[in-house]
Structures are given as C-alpha cells and as structure tokens.
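Inspection log for the structure reproduced underneath, given as structure tokens.
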Amino acid sequence: MGAFVLVAEDDPKQAELVRRYLRREDHAVLVVADGRAAIDQVRSRRPDLLILDVMMPELDGLDVLRVLRRDYDVPILVVTARSAAEDKLAGFDLGADDYLTKPYDPRELMARVRSLLRRAQASGGAAGSVGSVVLPLRVGPLTLDQVRHEVRLDGARIECTPVEFRLLETLMSSPGRVFSRRQLLDRAHEPDSFVTERTADAHVKNLRRKIEVDPRNPVLLQTVYGVGYRMTEAPHPTSAADGIVADAADA
C-alpha cells in the first residue's frame with residue numbers, strides 16, 4: 001500500500017513530473033503551490049511525507065520548515081536549486097530529513113522517497129527486550145519508546161524528526177559510549193544523502209533545544225572534544241563539568 005505524499009512545488013511542470021513518478025509507485029499525491037498551503041495541509045491531512053521546494057510564494061520552504069518543526073515530525077525532503085553547502089546546512093538545521101538539489105534525476109528523488117518512508121515506518125531494534133516485549137530506552141528524565149516512536153522528557157512528549165529520533169536512539173542505546181559524527185550520520189541517513197560532519201552538529205543542536213534545560217550547557221547529550229558525542233551515563237545528571245565536555249555550538 002502506498003503512502004500519502006504532499007508535494008509543495010510552485011513550478012507546474014516540475015510538480016506534475018513528481019506527481020507522475022509518485023503515482024507509479026502507488027502513492028496518493030496532493031500538490032500545493034505555496035508555503036502557506038503546505039502548512040495548512042500538513043496540519044489537516046497529516047501526510048506520510050512532505051516534498052518541499054524552497055523557492056515558493058507566500059512562505060518559502062525554510063519558513064515552512066521552521067513552522068512545521070514546532071509541532072510535527074513528518075519526514076521532509078527539501079528540494080531546491082540552491083546548491084551551496086551553507087544553504088543545505090540551513091535546511092538540516094531547521095529539521096529537514098534529506099536534501100536534493102535541482103536539477104535532479106526523478107529516479108534519485110524516488111530513491112530518497114523510499115528511504116525516508118522506510119525509515120519512518122521502521123520501529124528499530126536497539127531497545128532492550130524481555131521475551132518479545134520491546135522496552136523503552138531510558139536515560140535520566142529522557143525516555144525513547146521505539147514501538148510508539150515517541151520521545152518523552154519528564155513524561156512530556158517531545159516532537160522529533162525521523163533523523164533526530166534515530167540519532168537519539170543510537171546514543172541512548174549505549175549511554176556513555178562516544179559516537180563519532182560519521183557513525184551517527186551513518187545510522188541516521190542513507191549512504192547517498194548529502195551529509196557532512198557539520199550536519200551532525202546541526203542535528204545535535206536541534207536535539208539539545210528539545211531535551212536540555214540549558215542547550216548551551218548540555219547535561220544529557222554531551223560533546224567529547226575531537227571525537228564526537230555521547231549520552232550521559234548518569235541516571236539524573238546535574239552538570240556537564242567533565243573537562244572534555246562542551247556545547248557543540250562552541251566545539
């Protein structure tokens with residue numbers, strides 16, 4: 001059974017091309033031509049995936065990302081003619097799950113779509129288990145439930161993008177273990193995705209905004225200088241006073 005894909009693209013020819021390729025794989029497709037309509041449709045229809053052009057009327061794609069990531073974890077594939085690394089990093093910083101630069105081969109677009117849908121639907125397998133029961137991961141006040149695909153902080157639900165969820169899942173599965181940026185990216189993205197080590201920093205920065213009391217002085221998600229990141233081992237951490245720990249924004 002196909003997914004429901006929302007396409008936000010103001011170029012009619014490009015939108016029709018994307019729609020045709022999606023329909024070939026039995027996905028239901030809705031096309032909108034401006035940013036405000038994209039936000040409205042996500043709020044009302046809850047698509048399985050959003051393909052989001054950056055250059056659009058009303059609101060551009062980055063503004064749409066900024067608005068949606070406050071409340072929704074729908075996978076978002078950003079498509080744009082902007083090819084500079086800084087533009088791509090800005091998209092990831094705002095919560096994009098993948099990034100594709102125009103002009104592109106529609107077959108590559110579909111490969112990205114399949115990857116995002118597959119990852120969004122996967123429940124993962126890193127949690128502890130008793131018999132056939134999958135137990136949530138817990139670190140201090142933070143809980144990650146792989147079955148429900150939920151993250152909670154002190155019982156309150158935290159909205160995470162699929163990429164953020166997989167990064168958090170990796171870190172929480174081995175508290176105290178240091179993961180390099182590349183290791184984290186390999187677990188969160190498909191091999192053909194545009195990712196650099198700075199992309200990992202952007203994802204960590206977003207996660208810290210959601211799970212840390214003071215994101216500039218992280219206690220749960222810590223940076224190890226020159227190596228990568230780790231989830232604290234302490235059951236109820238109170239500080240990040242380890243000499244090698246600092247905020248990723250300053251790393």
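Worth a mention:
- For region 30-109, Kirkwood radius (reciprocal of mean inverse C-alpha pair distance, Å): 12.6 Å
- Dipole size of region 1-90 about its Cα centre, with +1 on Lys/Arg Cβ and -1 on Asp/Glu Cβ: approximately 240 debye, rounded to the nearest 20.
- In region 1-52, the GluC sites (Glu not before Pro) that fall in loop regions by DSSP, at most 13 other Cβ within 10 Å: 25
- Overall shape: prolate for region 24-174, with the ratio a/c of the largest to smallest alpha carbon gyration tensor axis at 1.5 or above and a/b above b/c.
- Simple Cβ-charge dipole of region 7-51, Lys/Arg +1 and Asp/Glu -1, about Cα centre, in debye nearest 20: 140 debye
Laboratory data are not the source of any read-out in this text; all were calculated from the coordinates shown. It should be emphasised that the depicted structure is a prediction, and the values quoted were computed from it without experimental measurement. FYI the Cβ positions are ideal-geometry reconstructions off the backbone, even for glycines, and counts take in every protein chain you see.
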